[in-house]
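Engineer: Handing you a structure now.
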Amino acid sequence: MLQLQEAENWNKPAATTWAAEFLLREGESRECLGSWINSSAVHEAKKRRAKQVITCSFPCGKWLRRIGVRKSPGCELCKRERRKDMISDDVLPLETVAHLQSAGCKAQKKSVIGAHNRCWGYLRVAILMHGEAKRNLEFIGGERDRQLQQLWAETKIGDILPWEDVEREAERLLESTRANARDSQNSRAIQEQDDDRIVDRDETDPYNEVIFGRRRPDSVAIEWTSKTLYILEFKRTSDQRQDYRERGECRARDQHDVLVKSLETVAKEAEVV
């Protein structure tokens, strides 16, 4: 199974079916999924949708076009939003399960962001609750994500890492890498038209187009005793493929690469994660 996956051979499932490959993975809490599907407290419609997603038969645009029910695999929700905003709908993203669950679907964006924030809020509380008692860890900026410039202005982090120095180094890095990043994003966008494995990334990601001071990591935490700074980003990545965790971590690293490198340059004594 792993040999097929490592070779990126997706012409056939590594197990008997795609659903079997998904359900047989160990260490992925499949017993919780089974209990949920078997629960009498869960509405049958919700169970049906879950089974459709697991068996890759959810009636999204890509699937409906494959079985001849729809002429186009484009996202109907995005089409409706674009027409409402009087924007051309000639080229639409593929309507896949991953797309519908991402902020890239404009009609779903508010719900997706809300789900992301609820999950991250739970994890943030768990990190604080289960850490070592002797540590002096603080999530600076409160419970909501903040723009970097605002975060530095409203907290004491500037006492350790001056904002002017961080911003200057970040702009230098952005200037030297902007052209390469744009080429990479263009090639990735072209690939996504034919390969829905990457569609699950946050399509609001084009981080290189956002002014550095206005970027918003999910959280920034600092261990005041050791002056260790942590840049935290949570990704709700589709786990249909087995390498979903690696893909999500790669996206998070790419998203905050400039920030991390800038902080490392400005303060060698601070460990940035």
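Any read-out appearing in this document is the output of simple, stated calculations on the displayed coordinates, not a laboratory observation. What you are looking at is a predicted structure, and each value in this text was computed from that prediction instead of being measured. Note: ideal-geometry Cβ built from the backbone for every residue, glycine included; neighbour counts use all protein chains shown.
Engineer: Give, as a single signed number, the net charge of other residues whose beta carbon lies under 15 Å from the beta carbon of K84, with Lys and Arg counted +1 and Asp and Glu -1. Mind showing how you got there, number by number?
Structural biologist: On the way: positive: K79, R80, R82, R83, K106, K109, K110; negative: E76, E81, D85, D89.
Local net charge: +3.
Engineer: Same structure, new question: Could you derive backbone 3J(HN,Hα) for segment 58-71 from the dihedral phi with the Karplus parameters 6.51, -1.76 and 1.60 (θ = phi - 60°), listing whole Hz in sequence and x where the residue is Gly or Pro?
Structural biologist: Once rounded to whole Hz, the list reads 5, x, 8, x, 5, 5, 5, 5, 4, 9, x, 8, 10, 7.
Engineer: Now for a separate question. Rounded, prolate or oblate: which fits segment 13-150 when a ≥ b ≥ c are the square roots of the eigenvalues of the alpha-carbon gyration tensor, with rounded for a/c under 1.5 and prolate only if a/b beats b/c?
Structural biologist: Numbers: a/c = 2.53, a/b = 1.26, b/c = 2.01.
Taking the square roots of the gyration eigenvalues as a ≥ b ≥ c, segment 13-150 is oblate.
Engineer: Would you list which lysines come within 27 Å of K106, measuring only between C-alpha atoms, while excluding same-chain residues fewer than 8 positions from it?
Structural biologist: Those lysines meeting the cut-off are K46, K47, K51, K62, K71, K79, K84, K235.
Engineer: Shifting gears a bit: Any lysines with Cα under 22 Å of the K156 Cα? List them, leaving off those in the same chain fewer than 8 positions away.
Structural biologist: K134, K227, K261, K268
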